[in-house]
Amino acid sequence: MITTIDAAPQGQSMHFSALGEQLRTLAGQSVKIEHCLGQRYIAAGIKDIRVEIEGIPGNALGAYLGAGSSITVRGNAQDATGDTMSGGTITIHGSTGDAAGYGMRGGVILVEGNAGYRAGIHMKEYGETCPKLVIGGRAGDFLGEYQAGGIIVVLGLGNQAGAAPLGRFCGTGQHGGRMFIRGEVLPPELPAQVAVRKADAADRTLLQPLLAQFSAAFGADLAALESSPYFLLTPNSSNPYTDLYAIY
Amino acid sequence: MDLYVHPEFEIVRSEKKCIACRACERQCANCAHGYDAASGSMESYDEKCVNCHRCVTLCPTKALKIVQTQHTFRPNANWSNDTIRELYLQANTGGVLLSSMGNPRPLPNYFDRILLNASQVTNPSIDPLREPMETRTYLGKKAIPLVRDANGRLTENLPPQITLTMPLMFSAMSYGSISYNAHASLARAATALGICYNTGEGGLHRDFYKYGPNTIVQVASGRFGIHGDYLMAGAAVEIKMGQGAKPGIGGHLPGKKNIGEVARTRMTPDGSDAISPAPHHDIYSIEDLRQLVYSLKEATGNTKPIIVKIAAVHNVAAIASGVARSGADIIAIDGFRGGTGAAPTRIRDNVGIPIELALASVDARLREEGIRDDISLVVGGSIRSSTDWIKAIALGADACYIATGALLALGCHLCRSCHIGLCNWGIATQRPDLVKRLNPEVGTEHLVNLVKAWQHELKEVMGGMGINSVEALRGNRLMLRGVGMTQEELDVLGIKHAGV
């Protein structure tokens with residue numbers, strides 16, 4: 001059974017706290033939110049809930065999202081999507097704003113379109129828990145800043161030919177994790193902490209399931225994605241600041 | 001060739017008393033003692049000594065003492081020995097000077113220049129041994145509209161509160177900066193005392209979830225060890241925006257400390273640096289802070305008070321006013337003497353302001369703006385004794401945080417070498433053989449003793465003032481007088497000079 005919530009009854013936007021209160025009672029169930037009008041914190045911290053959203057969710061969609069949850073957005077999302085989420089899946093049939101996947105430590109975010117600034121920063125992994133962020137279009141500046149784990153993929157679909165599918169300062173302070181960037185063009189300057197090479201067949205075993213997931217979600221041409229070249233960005237060292245200090 | 005830096009301390013060994021049992025050698029993780037098999041006697045390596053007193057304490061014949069070296073540069077009031085030594089070290093290494101614990105410089109301490117009042121004749125004092133004295137404290141928003149239901153009864157709409165048996169808590173120290181046994185001691189003591197300890201930003205070890213009702217869980221920019229269960233585990237959630245020892249500077253746990261259980265608790269790869277930069281890269285305004293506050297309220301179903309911790313800096317009153325408007329329930333302010341597991345020396349010693357002044361100006365500003373009851377005020381940054389604590393409450397604090405004092409109760413000798421990771425007392429280290437030197441049962445007992453003693457002193461002082469509830473001490477500046485202060489200092493503190 002799917003519970004339907006009208007987030008704008010009689011054309012009046014429901015307050016986020018009322019929406020949140022309802023959602024928390026629906027853990028373990030499927031929910032459809034209609035007429036979403038920018039309510040923030042949707043499904044924050046909830047485990048095992050399936051939410052489909054029509055309209056535009058507000059900031060911090062699926063923050064601290066727990067395992068077993070899924071959120072599908074039929075539209076764009078705003079800032080801080082999946083902030084510190086620890087499990088589950090967020091699928092956005094559109095673009096997302098800044099700081100998507102900040103501090104994410106598990107689960108998957110699939111973005112059909114573009115992501116704003118600071119996507120995937122501070123991502124962490126431990127053991128089997130490995131967060132994944134796939135951006136179909138372009139990513140803004142500071143992609144993967146301070147990345148400590150997890151996988152970020154930027155596909156650059158629909159990106160201008162000859163232009164890098166991401167902005168400046170990618171991977172500043174990166175000390176873990178990997179970023180796959182599709183295509184032949186990277187930004188002219190990457191920080192010293194980032195090592196770049198072409199992804200080889202072994203690297204692609206990590207990438208392939210994410211391409212398949214992206215293609216299944218959005219109907220992208222999987223064969224074309226699989227046959228494309230990718231850069232792999234990894235940290236130069238997992239201890240980038242060891243020599244910074246004088247100990248006494 | 002490196003510039004020569006003479007050792008700061010000398011190990012003095014009484015040859016008459018020393019029995020060459022080698023206990024000092026076994027106890028010193030810094031390897032400042034050795035044994036010469038040929039002569040059958042002990043040797044000392046002064047350059048390795050950090051003056052932590054482990055060997056002195058455990059020497060069975062009390063043959064050891066550590067003295068500050070008398071070797072000196074030509075005396076110079078401007079260029080002190082420390083200044084020259086530090087400069088040489090930087091010339092040798094090119095590194096940022098790193099040190100730990102709180103600011104050791106002889107800057108003015110306003111607590112020491114404030115005196116307390118007592119009743120005489122007209123307003124009788126109260127004997128706490130005979131009369132009930134209330135120290136129970138609730139932290140959280142108090143200003144709420146009164147709402148009546150259809151029957152005219154008041155509805156219970158008080159936002160979530162932290163309940164403490166007294167207005168004192170152990171402040172944030174992460175698992176990683178301090179050891180498992182240190183955390184175990186703090187957690188158990190907080191539970192026994194009915195107060196709270198704070199996880200710091202390193203996550204909550206799975207063994208300590210059972211102390212949740214007496215735990216404050218922290219969320220910092222690096223988001224270490226944070227997941228839904230963690231947020232729900234504690235009595236409150238604290239957002240760390242700043243730290244008194246290093247305002248404007250983030251945390252950095254070196255990879256060599258971020259290993260095993262520490263890495264597992266932080267949920268980061270084993271051996272990688274755990275970096276939490278000073279800014280939260282999603283917070284650039286009070287509105288952004290509000291978003292993090294409310295995302296945590298939503299993720300915890302509005303069941304936990306949200307604390308925002310900031311460092312005491314120049315514009316702290318205006319910042320605190322913004323924090324109060326961000327929806328936070330509690331603001332924690334950390335003064336410039338607050339401790340740290342590691343901070344750049346220059347930052348620790350030169351950035352920030354004293355907590356006494358910050359507290360007084362924040363309290364005054366919030367009252368002026370009519371929002372004081374929207375938020376509770378917790379302060380830390382070198383609360384060294386019950387009277388520092390009492391003076392802070394009378395200056396407007398709802399509660400105090402202590403950390404350096406708590407570590408001293410665990411056996412810390414304030415050698416300020418936490419950042420080296422070889423704490424001989426088992427506190428600021430992750431080396432298993434050192435960690436087990438701190439017995440959590442003994443540690444718990446010492447912490448409980450300390451806090452109970454302070455609580456009793458609080459009651460004695462309150463009784464002397466003729467006050468029987470800590471509520472009546474809070475913000476009660478009439479109980480304070482300054483000595484040897486300028487009018488401007490008195491004005492900031494909101495107190496009168498002694499004799500007036």
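Values quoted throughout were computed directly from the atomic coordinates according to the rules given, and no laboratory measurement underlies them. Owing to the predicted nature of the structure, the values given are computational and were not obtained by experimental measurement. Virtual Cβ from ideal backbone geometry, glycine too; neighbours counted across all protein chains shown.
Structure notes:
- Taking the inverse of the mean reciprocal distance over all distinct Cα pairs, the Kirkwood hydrodynamic radius of segment B:167-318 comes to 15.6 Å.
- Residues A:TYR146, B:TYR88 arranged by fewest to most Cβ contacts within 10 Å: B:TYR88, A:TYR146
- For segment B:388-500, the percent of C-alpha pairs falling in each 10 Å distance bin, counted from 0 to the bin holding the largest distance, reads 12, 31, 24, 20, 11, 1.
- Cut-off 11 Å (backbone N to label point 7 Å along Cα→Cβ of B:VAL121), residues of segment B:451-476: none
- Counting Cβ atoms of other protein chains within 10 Å of each residue's Cβ and taking the mean over peptide A:142-151 gives 3.
- Cβ-based exposure ranking for B:SER14, A:SER69, in which fewest neighbours within 10 Å come first: B:SER14, A:SER69
- Which of A:THR234, B:THR199 has the fewest Cβ neighbours within 10 Å, and the rest in rising order: A:THR234, B:THR199
- Using a Förster distance of 22 Å, the FRET efficiency for B:GLU156-A:ALA27 (Cβ separation, nearest 0.05): 0.35
- Under 11 Å from a label point set 7 Å out along the Cα-to-Cβ vector of B:GLU368, the amide N atoms of segment B:301-345 belong to B:317-318.
- Shape summary of segment B:334-417, radius of gyration then Dmax from alpha carbon positions: 14.2, 44 Å.
- Enclosing the Cα atoms of segment A:20-75 in their convex hull gives a volume equal to 60 cubic angstrom per residue.
- Compactness of segment A:95-241, expressed as Rg and Dmax over alpha-carbon positions, Å: 13.5, 43
- Considering only chain B, percent of DSSP beta bridges that pair antiparallel, nearest 5: 40
- Of the chymotrypsin sites (Phe, Trp or Tyr not before Pro) found in segment B:21-75, the ones in coil according to DSSP and having at most 12 other Cβ atoms within 10 Å of their Cβ are B:PHE73.
- Projected label points at A:ASP200 and B:TYR45, each 7 Å from Cα along the beta carbon direction, are separated by 4.3 nanometres.
- Euclidean distance of C-alpha centroids, segment B:393-455 and segment B:1-31, integer Å: 25
- Averaged over the residues of B:289-295, the number of partner chain Cβ atoms lying within 10 Å of the residue Cβ comes to 5.
- Enclosed volume per residue, in Å³, of the convex hull spanned by Cα atoms of chain B: 194
- Exposed GluC sites (Glu not before Pro) absent - longest run of chain B, DSSP non-H/G/I/E/B, at most 12 other C-beta within 10 Å: B:157-500
- Label-to-label distance for B:ALA278 and A:ALA67 is 3.9 nm, based on points extended 7 Å past Cα in the beta-carbon direction.
- Span-rule helices in chain B, defined as complete DSSP H runs reaching 20 Å or more along the axis (Cα) with Kyte mean at least -0.5: B:440-465
- The H on the amide N of A:ILE71, modeled in the peptide plane, is under 5 Å from the matching H of A:VAL51, A:THR89, A:ILE90, A:THR91, each at least 5 residues off or on a different chain.
- Kirkwood hydrodynamic radius of segment B:140-196, from the reciprocal of the average inverse Cα-Cα distance over all distinct pairs: 14.4 Å.
- For segment B:331-336, 3J(HN,Hα) computed residue by residue from phi via the Karplus equation (6.51, -1.76, 1.60; θ = phi - 60°) reads 10, 10, 10, 10, x, 6 Hz, glycine and proline entered as x.
- Against the empirical 2.2 N^0.38 Å (N residues), segment B:261-357 has a Cα radius of gyration ratio of 1.26.
- Once the Cα gyration tensor of chain A is diagonalised, semi-axes √(5λ) in Å: 32, 20, 16
- Rel. contact order, % - alpha carbon contacts under 8 angstrom, at least six apart, segment B:137-497: 18
- Stokes-Einstein D for segment B:105-210, Kirkwood Rh over Cα pairs, 25 °C, 0.890 mPa s (µm²/s): 133
- D by Stokes-Einstein for segment B:113-165, Kirkwood Rh over Cα pairs, 20 °C, 1.002 mPa s: 138 µm²/s.
- Using all pairs of distinct alpha-carbon atoms, the Kirkwood hydrodynamic radius of segment B:31-127 works out to 19.1 angstrom.
- C-alpha long axis of helix A:16-25 to longest principal axis of chain A, angle in °: 80
- Links that overshoot a 26 Å alpha carbon limit, given the list B:LYS256/B:LYS452; B:LYS210/B:LYS459; B:LYS16/B:LYS48; A:LYS198/B:LYS256; A:LYS124/A:LYS198: B:LYS256/B:LYS452; B:LYS210/B:LYS459; A:LYS198/B:LYS256
- Two-site label geometry, B:ASN81 and B:VAL96: point separation in nm, points 7 Å out along Cα→Cβ: 2.9
- For chain A, the longest piece that avoids every one of the GluC sites (Glu not before Pro) found in DSSP loops with at most 16 other C-beta atoms within 10 Å covers A:1-127.
- Calculated over segment A:18-141, the projected area of the Cα convex hull averaged across directions stands at 6.2 nm².
- Cβ-Cβ distance of B:THR72 and B:ALA453, R₀ of 30 Å, FRET efficiency by 1/(1 + (r/R0)^6): the value works out to about 0.15.
- Normalised by residue count, segment B:229-291 yields a Cα convex hull volume of 126 Å³ per residue.
- Size of the protein assembly as shown: Rg and Dmax of its alpha carbons, in Å, are 28.0, 94.
- The protein assembly as shown: antiparallel DSSP beta bridges as a percent of all, rounded to 5: 30
- Ellipsoid equivalent to segment B:364-410 - semi-axes via the Cα gyration tensor, in Å: 25, 10, 7
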